[in-house]
Amino acid sequence: MIAYVNGIIDDISEDNAVVDVGGVGINVKISADTASRLPGIGEPVKLYTYTSVREDAFVLYGFLARNDLDIFKKLITVNGIGPKGGLSILSVMGADDLRFAIMSGDSKAISRAPGIGAKTAQRVILDLKDKIEIDDTMISKEINVHNSESPIAADSPQKQEAVAALVSLGYSQAESLKAVNAIEGMEEMDSGAVLKAALKKMF
């Protein structure tokens, strides 16, 4: 119903922003991640919105990018994930991280969201894996979606070994690959050096 709100930020809390649009303050529910990326009070902002209409409520959910709104809309199609659950997930991980977690089958990362148990996280992966396009996110290129036993692309042996070592230490596949991908000059490093550099990225 309402595609976006464009105005001045009047107030920000962890889960809500008040946007002054032509002298009218509009409450927009937001994720903690969105709250952390908003400009300051008194600054202009444009939030892309999803409108939830119930018998007892009319609620707007807002996002800084259409990309975030798109994954939110996908999330709330999953049985057991309403708008509140969708915001909870997007409060602990960004849209690209969530896409990666879905494509790599990383239910552990998704279940870190408050109120999202292991079974619900697995349902998110099952329901959305075929709805996530490879081009939706850059890091998805690192995933072999045709081989569930080896979700890491075979473009670098030292990368595979470092990611496997990080996972064995208790980090999720999403966290591990993200840390390894952030390393510069990896082509000149052995797997041990890659692992040490990735661990530094974790802290």
Unmet criterion (only one of (1) closer than 19 Å to SER88 by Cα; (2) surrounded by fewer than 13 Cβ atoms within 10 Å (Cβ to Cβ)) for PRO44: (1)
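Residues are listed down the side, and each one gets a yes or a no for (1) under 21 Å from ILE30 (Cα atoms); (2) more than 15 Å from the chain's Cα centre (by Cα); (3) crowded, with 22+ Cβ neighbours inside 10 Å:
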site: PHE63; (1), (2), (3): yes, no, yes
site: GLY80; (1), (2), (3): yes, yes, no
site: GLY86; (1), (2), (3): yes, no, yes
site: ASP106; (1), (2), (3): no, no, yes
site: PRO114; (1), (2), (3): yes, no, no
site: GLY117; (1), (2), (3): no, yes, no
Output for the range 110-122, where each listed residue is of a type in the set (S, T, N, Q) and either outside the structural domain of ILE71 (by TED's automatic domain parsing) or in a helix (DSSP H, G or I) (or both): THR120, GLN122
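Residue-wise test of (1) in contact with a strand residue (DSSP E or B) (Cβ under 9 Å, 6 or more places away or on another chain); (2) modelled with pLDDT of 80 or more; (3) within 27 Å of LYS129 (Cα to Cα); (4) in a loop (DSSP other than H, G, I, E, B).
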site	(1), (2), (3), (4)
ALA154	no, no, yes, yes
VAL167	no, no, yes, no
GLY170	no, no, yes, yes
ALA174	no, no, yes, no
ILE183	no, yes, no, yes
ALA193	no, yes, no, no
LYS201	no, no, no, no
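So that you can scan it fast, the table gives a plain yes or no per residue for (1) surrounded by 11 or more Cβ atoms within 10 Å (Cβ to Cβ); (2) under 12 Å from GLY7 (Cβ atoms); (3) at pLDDT below 95; (4) hydrophobic (A, V, I, L, M, F, W, C):
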site: ASP20; (1), (2), (3), (4): yes, yes, no, no
site: GLY25; (1), (2), (3), (4): yes, yes, no, no
site: ALA32; (1), (2), (3), (4): yes, no, yes, yes
site: SER36; (1), (2), (3), (4): yes, no, yes, no
site: TYR48; (1), (2), (3), (4): yes, no, no, no
site: SER52; (1), (2), (3), (4): yes, no, yes, no
site: ASP56; (1), (2), (3), (4): no, no, yes, no
site: ASN67; (1), (2), (3), (4): yes, no, yes, no
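The values are calculated or read from the model by the stated rules, or taken from the named source; none is laboratory data. Predicted, not measured: the structure shown is a model, and the values here were computed from it. Glycine gets a Cβ as well: all are built from the backbone with ideal geometry, and neighbour counts include every protein chain shown.
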